[in-house]
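Here's the structure we're looking at; comments come further down.
The values are calculated or read from the model by the stated rules, or taken from the named source; none is laboratory data. Since the structure is predicted, the reported quantities are computational estimates derived from the model, not experimental observations. With ideal geometry, Cβ positions are generated from the backbone for all residues, glycine too; neighbour counts draw on all protein chains shown. In case anyone asks, the SASA skips ligands and DNA or RNA and just uses the protein heavy atoms, side chains included. Shrake-Rupley method; radii C 1.70, N 1.55, O 1.52, S 1.80 Å.
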Amino acid sequence: MAIPRDILEFFLRIFAKVIQVLKASAGSGKTYALTREYLRLILMEDKPDAYRHVLAVTFTNKATDEMKR
C-alpha cells in the first residue's frame with residue numbers, strides 16, 4: 001500500500017526541519033560540521049537540557065573522539 005503523496009509531502013516538510021543528514025566522502029569535514037551544528041543548537045536553545053534532545057550519530061571511533069574534543 002503506497003502512502004498518499006500529500007501525506008508524504010506533509011511529513012517530509014515536518015522532518016526536514018528537525019532531521020539533518022550529513023553525507024560526504026572521507027576528509028570532507030562531516031565531523032566538524034556535525035559538531036558545529038550540535039553546538040549551535042544547544043547554545044541557541046533557552047533550555048539548559050537541550051543537549052538531551054539531540055542525537056548525533058557517527059560510524060567511526062575517530063569521528064567520535066573528534067566530536068568529544
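Quick check on my filter: what residues within the stretch 31-69 are surrounded by 13 or more Cβ atoms within 10 Å (Cβ to Cβ) and polar (S, T, N, Q)? Residues satisfying the conditions are 31, 35, 58, 64.
In the stretch 9-30, is there at least one residue being open to solvent by 100 Å² or more (accessible area, probe 1.4 Å) and at pLDDT 80 or above? No, the stretch 9-30 contains no residue that is open to solvent by 100 Å² or more (accessible area, probe 1.4 Å) and at pLDDT 80 or above. Pairs meeting the criteria (first residue in the stretch 31-60 and free of Cβ contacts under 8 Å to residues at least 24 places away in the same chain and within 17 Å of residue 19 (Cβ to Cβ), second residue in a helix (DSSP H, G or I) and open to solvent by 100 Å² or more (accessible area, probe 1.4 Å), beta carbons under 8 Å, at least 6 apart or on different chains) are 42/51.
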